[in-house]
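This report refers to the structure that appears directly beneath it.
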Amino acid sequence: MANFPSVFEAKEEILEIGRRMYQKGFVAANDGNISCKIAPDVILTTPTGVSKGFMDQDMIVKMTLDGEILSGDSKYKPSSEVKMHIRAYKENPEIMAVTHAHPPVATSFAIAGIGLDQPILTEAIMGLGSIPIAKYATPGTNEVPDSIAPFCRDYNAVLLANHGALTWGSSLMQAFYRLESVEYYATIMMYTGNIIGKANPLSCEQIAPLLETRAKLGIHGGGVPACAVQTTNDKDVIPASGPIGGCQCGGDKSKTIYGGNAEAAQPAPQPASSEIDHLVDQVTREILEKLR
């Protein structure tokens, strides 16, 4: 039997997650929405037209999965996007909470039409799994819940084409942590794929125990990622510069070449001690004269 949070606990957690989403830049202005089950067919959800970083308990809306509003300040209505939250709950009864936001890097992948499915990050494989992209749907319409429905049972999150990210979990914090993980995974893929331009994918042999760990953690969605046939990361990588402080020139340190210029490696000529003393005396006299 599901363990539902109290209304007070759920509201406090929704407010906290809203602040975190806003502070992390996952949402701008009044974007995003959060919801949580407090009974088998009743949820609390965030209001439309309010920044998720500046909500209070009175703004949270209580409603049924059939769309009936049960309580809440009449000034505050649920977002039209609550439809996709409701669809997620109906598609997968094990889902207890849903978060939707527009984290910049993950949303950029959604815009580019690139799913998060590279076998390069152990944590993503164990705790998150592959992240598909649901086809484009007009926000606020029934097209959106229809687009995410196929993914709610077999995955832990989905990117929305040209829109953002949707995550769910067995608790509000798990749903939010998955949102964080989606953005982190996307960031790693951006760096390795588009900035560094190189990655060593995990092999099938390396991925197998990670999937076993995922199952032991009780995480059943996420799919099985593609894997490399051969292992490419089984050797230590030693920086070419060698140990800190070590000279790699094989001889006199004063002749070490920097930037291909042996002359540039030579120390700059230093003035003789008598010249330094003379300059110090001269500067001292000038300062004293100005103070008189």
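Along the stretch 15-25, what does the Karplus equation 6.51 cos²θ - 1.76 cosθ + 1.60 (θ = phi - 60°) give for ³J(HN,Hα), rounded to whole Hz, x for Gly and Pro?
Karplus values, whole Hz, x for Gly and Pro: 5, 5, 5, x, 4, 5, 4, 5, 5, 7, x.
Return a whole-number percent for the relative contact order of the stretch 7-216, with Cα pairs under 8 Å and 6 or more residues apart as the contact set. All intermediate terms of the calculation are to be shown ahead of the outcome.
On the way: 399 pairs, mean separation 41.3, N = 210.
It rounds to 20 percent for the stretch 7-216.
So how do 10-17, 212-219 stack up, highest first, on mean other-Cβ count within 10 Å? Don't skip to the answer; put the middle values down first.
On the way: 10-17: 20.6, 212-219: 12.2.
So the order, starting with the most tightly packed, is 10-17, 212-219.
Quick one: C227, C152, C36, fewest Cβ neighbours within 10 Å first, how do they rank? Intermediate values should be presented prior to the final figure.
Details: C227 16, C152 23, C36 27.
Ordered by Cβ neighbours within 10 Å, fewest first: C227, C152, C36.
Taking neighbour counts of Cβ atoms within 10 Å as a proxy for exposure, in what order, fewest first, do D58, D31 appear?
Values: D58 11, D31 17.
Fewest to most other Cβ atoms nearby, the residues stand as D58, D31.
For the stretch 58-136 and the stretch 175-218, what is the centre-to-centre distance using only Cα atoms, to the nearest Å?
If you average the Cα positions of each part, the centres end up 20 Å apart.
Using +1 on the beta carbon of Lys and Arg, -1 on that of Asp and Glu, and nothing else charged, what's the dipole of the stretch 7-216 about the Cα centre, debye to 20? Can you show the working numbers first?
On the way: 18 positive and 23 negative charges, 53 e Å.
I would put it at about 260 debye.
Starting with the highest mean, order 79-92, 103-116 by the number of other Cβ atoms within 10 Å, averaged over the residues of each peptide. Let's see the in-between values first.
On the way: 79-92: 21.1, 103-116: 19.2.
The densest-packed peptide leads the list: 79-92, 103-116.
Among M63, M190, M21, which comes first, then next, by fewest other beta-carbon atoms within 10 Å? List each step's numbers first, then the result.
On the way: M63 21, M190 16, M21 27.
The most exposed by this proxy come first: M190, M63, M21.
Laboratory data are not the source of any read-out in this text; all were calculated from the coordinates shown. A quick note: this is a predicted structure, and the numbers were derived from the prediction, not measured. FYI the Cβ positions are ideal-geometry reconstructions off the backbone, even for glycines, and counts take in every protein chain you see.
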